[in-house]
Amino acid sequence: KQWYQRRVRGVLVIAWHPKCTFLASACKKGDICIWNPKSGTQKGKMLSGHKKYIGTLAWQPLHCAQDDNCLLIWDPVRGLCVLTLSSHTQGVTSIKWSGDNLIYSASQDRTIKVWRPSDGVLCRTLQGHGHWVNTMALSTDYACRIGAWDPSLQGKTQHGDALTVYNKYKGSGEEFLVSGSDDFTLFLWQPSKSNKPVCRMTGHQQLINQAAFSPNGRTIASASFDKSVKVWDGKTGKFISTLRGHVKAVYCISWSADNKLLVSGSSDSTVKVWCMRTFSLLNDLPGHADEVYTVDWSPCGSRVVSGGKDKVLKLWRS
């Protein structure tokens, strides 16, 4: 009740705090609210500063981007905007806050910018795409998501220091970034050290909606309007396989925590589960009455949630 009374302009994006102690939501008006998920009450005052709608959020401490070409960094405890990052010439479409404490922002201006959040310095600009950059993924996304917690223990105990976990998943090399665009291509980057791409990945016949690294960072999956999901090597960008089965555009994908399965959601109203050892269809999950916009595999690996145009969230057990 409290949620809908306050979010009269419509909620566009939500983001969990890594420890699940807070929930951030953003709306079409350009405001951000911090919530206590246990009580459902708002924490502190509303964060206002954007001129247009907000399309994406990322924590640490709280970082958001929207359609007015700027990025704002907030202190959610004090409710203050501590830094504004502005260099993009068109709307920001995606953001990532890396474990190396760098911020990556993708934009309709066809660039990806690398920021240092401590002082707001623009470190470098990554160029190469010929159209809007729609999606980004980091090879360490899973490590950044679970932090110090071991999902297999279902929150009963901590796994250890978050930095230790991050370094374990990162390994001895550099953090990789993959970007997907309306130009039908993906680029693989090592953005912490160079503005030159590792490789350009081609093969999709229509625009790319989402790209995602496997939890171990060894494999990339990409979803496209060409009705397919393609699989690539996460270190070299080499093409591995194509997953076909959807009859309309594939909007979203998510990996299982053990790297063995991939789930996809499509405009054809189905959710499909793929075996990533044989690159074959494992399960077809019909049930939605319309297009499936989003899917997410739980960090513990036991459940998948899907949501779409039919305004229904479905929870699937492994």
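The values are calculated or read from the model by the stated rules, or taken from the named source; none is laboratory data. Here the structure is a predicted model, which is why all the values come from computation and not from measurement. When the accessible area is computed, the model is the full protein with side chains, heavy atoms only, and any ligands, DNA or RNA have been set aside. Shrake-Rupley method; radii C 1.70, N 1.55, O 1.52, S 1.80 Å.
Are any of the pairs Lys196/Lys230; Lys38/Lys311; Lys193/Lys227 more than 27 Å apart by Cα-Cα distance, and if so, which? Going by Cα-Cα distance, Lys193/Lys227 fall outside the 27 Å limit. Shown for the range 171-270: the carbon plus sulfur share of the solvent-accessible area, taken with all protein chains present and a 1.4 angstrom probe, equals 47%. Hey, which aspartates and glutamates would be in cross-link range of Lys272, C-alpha to C-alpha under 15 Å, not counting anything within fewer than 8 residues on its own chain? Within the straight-line cut-off, Lys272 pairs with Asp284, Asp290, Glu291, Asp296.
Annotation: aspartates and glutamates with alpha-carbon distance below 18 angstrom to Lys168 (same-chain offsets under eight excluded): Asp100, Asp141, Asp150, Asp258. Taking each of Lys113/Lys238; Lys43/Lys235; Lys96/Lys235 in turn, the alpha-carbon distance tops 30 angstrom for Lys43/Lys235.
For Met46, the solvent-accessible surface with a 1.4 Å probe is about 70 Å², rounded to the nearest 10. Put simply, the Cα atoms of the range 158-307 extend 44, 40, 25 Å along their principal axes, the longest span coming first.
Accessible surface calculations at 1.4 Å, restricted to protein heavy atoms, place the range 252-309 at 41 Å² per residue.
In what order, largest first, do Arg200, Arg124 sit by accessible area if the probe radius is 1.4 Å?
Arg200, Arg124
Excluding same-chain neighbours fewer than eight residues apart, the lysines reachable from Lys45 by a Cα-Cα span under 17 Å are Lys29.
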